[in-house]
1. Rank V9, P23, G133 by how far each Cα sits towards the positive end of the charge dipole of the chain (+1 on Lys, Arg Cβ; -1 on Asp, Glu Cβ) and give me just the farthest.
2. Would you mind working out the magnitude of the charge dipole of segment 237-328 relative to its Cα centre, with +1 at each Lys and Arg C-beta and -1 at each Asp and Glu C-beta, to the nearest 20 Debye?
3. May I ask you to compute the full-extension gain from A124 to W152, defined as 0.36 nm times their residue separation minus their alpha-carbon distance, rounded to one decimal in nm?
4. Restricting to DSSP H runs of at least four residues, report the calculated mean residue ellipticity at 222 nm for the chain, -39500 (n - 2.57) per run over all residues, nearest 500 deg cm²/dmol.
5. I need the peptides 151-161, 289-299, 218-228, 55-65 ranked by packing, meaning the mean over residues of other C-beta atoms within 10 angstrom, with the highest value on top.
6. How far is helix 230-247 tilted, in degrees, relative to the longest principal axis of the Cα atoms in the chain, given as a value from 0 to 90 rounded to the nearest 10?
7. Using the Cα atoms of segment 129-170, I'd like the radius of gyration and the largest Cα-Cα distance, Dmax, both in angstrom.
8. Between segment 258-279 and segment 68-100, what is the C-alpha centre distance in whole Å?
Amino acid sequence: MKMFLAAVVAFAVSVVVGRFLIPALRALKAGQSIKEIGPNWHMSKQGTPTMGGIMFIAAIAVAVVIFGWRDMARGDFSALFVLVFALLFGVIGFIDDYAKIRKKENTGLTAGWKFLLQLAVSVAFLALLRFTGHLSPNLYVPFVNVSLPLPWLLYLIFAAFVIVGCVNSVNLTDGLDGLAGSVTLPVAIFFAVLSACWDKGAVGIFAGALAGGILGFLVYNFYPAKVFMGDTGSLFLGGAVCGLAMALDAPLVLIPVGIIYIIETLSDIIQVGYFKLTHGKRIFRMAPIHHHLEMGGWSEVRIVLTFTGVTVAFCLLAFAGCMHRYGI
């Protein structure tokens, strides 16, 4: 019940904050700079307010505080840990967005700085979860329902790189109106259900708030978008998804539920690698794959709905693959 209420409150707060945030971002001239190498029809989106992820970040924080304080009073800070973790990624994204706006171009922090900051936050978060008993070095493998014991240092390195890779995959997915939010919505609901099945109510509150906050944001972000989430929002979403997986001690479940994130990233890697190997040839019309589909005549709405449907299907598959862990 708390998860549902957290979702409702987060949705309402996100919608209300958006009514004030979007005009404020316009007044501050916090407009998105569109890459010239992207689809030329995206240039019409130049100047659309960015950093709109602030609205669902604020909404999620409010919902977690309202419905999670009793768990925190009992000593369960797991929801707060995930929130702070995601917030730190959001801060990295905010710095990146601010640098882009200040320079009036689509380049912010260097890739090296982003990587180091994200890696440091990931290692600190994993160590905190391990110290507080929320994470074990036993790697749970869905579908076969076994846990592989690993040395803690090996697990830490593996999990940290999984987080950094996943977070940046979510960031890459944020390339069409409503895409990253729509794809992440069923992932949030999946983790809310998983939390309920494993009696992890505090984590479930965060997952419910995440779903509600995203839904409120999509009121303004679905095509045609009135605001973009920016790196502020996409890095927060990536951190939130990874934080939930780690807090539920199930990092490998990110593979099925994050299938779209993975496909988007692989399409980009394949395109760049093939381009370099063949000195200019391409596999896709444009990467990542959502641009390939756009150039093939797919509308933004069709791509978003298709990718969301694929995510829903893989979330159901993931649940079937790990339900025995929770005695279902």
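The values are calculated or read from the model by the stated rules, or taken from the named source; none is laboratory data. Owing to the predicted nature of the structure, the values given are computational and were not obtained by experimental measurement. Virtual Cβ from ideal backbone geometry, glycine too; neighbours counted across all protein chains shown. Side chains included, ligands, DNA and RNA excluded: accessible areas come from the protein's heavy atoms. Shrake-Rupley method; radii C 1.70, N 1.55, O 1.52, S 1.80 Å.
1. Checked the options; the winner is P23.
2. Numbers: 6 positive and 5 negative charges, 60 e Å.
Taking the Cα centre of segment 237-328 as origin, the dipole is about 280 debye.
3. The span from A124 to W152 would gain 8.7 nm if fully extended.
4. Rounded to the nearest 500, the figure is -23500 deg cm²/dmol.
5. Going from most to least packed, we get 55-65, 218-228, 289-299, 151-161.
6. 20 degrees
7. According to the Cα coordinates of segment 129-170, Rg and Dmax are 11.5, 29 Å.
8. Spelled out, the Cα-based centre of one part sits 31 Å from the other.
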